[in-house]
1. Starting from the range 1-25, take each residue that is over 14 Å from Pro188 (Cα atoms) and list its partners that are β-branched (Val, Ile, Thr) and surrounded by fewer than 21 Cβ atoms within 10 Å (Cβ to Cβ), counting only C-beta distances under 7 angstrom and pairs at least six apart or across chains.
2. Can you find even one residue in the range 107-126 that is within 16 Å of Trp210 (Cα to Cα), assigned to a helix (DSSP H, G or I) and charged (D, E, K, R)?
3. Here are Val34, Val26: which of them is assigned to a helix (DSSP H, G or I), open to solvent by 30 Å² or more (accessible area, probe 1.4 Å) and β-branched (Val, Ile, Thr)?
4. So is Phe227 among the aromatic types (Phe, Trp, Tyr) and closer than 20 Å to Leu17 by Cβ or not?
Amino acid sequence: MNMSQKMAAEFIGTLWLVLGGCGSAVLAAAFPEVGIGLLGVALAFGLTVLTMAFAIGHISGCHLNPAVSFGLWAGGRFPAAELLPYIIAQVAGGIAGAGILYLIASGQEGFSLAGGFASNGFGEHSPGGYSMQSVMICEIVMTLFFLIIILGATDERAPKGFAPIAIGLGLTLIHLISIPVSNTSVNPARSTGPALFVGDWAVSQLWLFWVAPIVGAILAGFIYRYFRAAE
């Protein structure tokens, strides 16, 4: 695959992740009487990754996430030269997904971005009121384990064909743990899309949802290198 094909796949995949995951939170989480709630939103995020891993994994590797790209690079599984093009495509896809979601959601009478539009935050903008320190720790640790799952499930020694299931369920579990803490990012592109529409506090706090996931992902890459070296 050439780089333009890989970038297109990452764009489409990240668009789907934001539209499906954040869309479930904005449109369906608290829908009258049949809202899907926290469990449904967590499952929706996992399903976006699972479905796209089968759809575009063979084209781009289905990163859909700058932190994943950095983690795979740190783990020796992704070339540094492709980091910037992948990240550009992922962020663009995240913004496009949030844009489509805005066009849908704003068609309802009374819609307001004051509800947060599934943005990530800390302090008064954390769903559970968690501090910046708690959110930072949570995002680093959750992303670290997400990358350990990805690196392990896609290792050539792992059972073939099951990686998308492990990765999708892993992301679901991460959301079940951390939605109350930060609304769950573990993905700078996912955080950037909604934040740009909300503006204000969402943009001012966005730095944390770039720094923490990338730190966690790089740590995971180095840990997995240790596992490989131990052979």
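The values are calculated or read from the model by the stated rules, or taken from the named source; none is laboratory data. The structure displayed is predicted, hence computed values, not measured ones. No Cβ is skipped: glycine too gets one built from the backbone with ideal geometry, and neighbour counts run over all protein chains shown. Please note that ligands, DNA and RNA were not included when accessible areas were found on the heavy atoms of the full protein model with its side chains. Shrake-Rupley method; radii C 1.70, N 1.55, O 1.52, S 1.80 Å.
1. Sorted first by the residue in the range 1-25, then by its partner, the pairs are Met1/Ile59; Gln5/Ile59; Lys6/Ile59; Ala9/Ile59; Leu19/Ile100; Ser24/Ile36.
2. no
3. Only one candidate qualifies: Val26.
4. no
Residues checked against (1) of a type in the set (Lys, Arg); (2) touching a Gly at 6+ places or on another chain (Cβ under 8 Å); (3) in a helix (DSSP H, G or I); (4) modelled with pLDDT of 95 or more:
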residue	(1), (2), (3), (4)
Gly129	no, yes, no, yes
Glu139	no, yes, yes, yes
Met142	no, yes, yes, yes
Ala202	no, yes, yes, yes
Phe209	no, no, yes, yes
Phe222	no, yes, yes, yes
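Conditions tested, residue by residue: (1) of a type in the set (S, T, N, Q); (2) open to solvent by less than 40 Å² (accessible area, probe 1.4 Å); (3) in a helix (DSSP H, G or I); (4) closer than 22 Å to Ala195 by Cα.
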| site | (1), (2), (3), (4) |
| --- | --- |
| Ala8 | no, no, yes, no |
| Thr14 | yes, yes, yes, yes |
| Gly21 | no, yes, yes, yes |
| Phe54 | no, no, yes, no |
| Ala67 | no, yes, yes, yes |
| Gly71 | no, yes, yes, no |
| Ile104 | no, no, yes, yes |
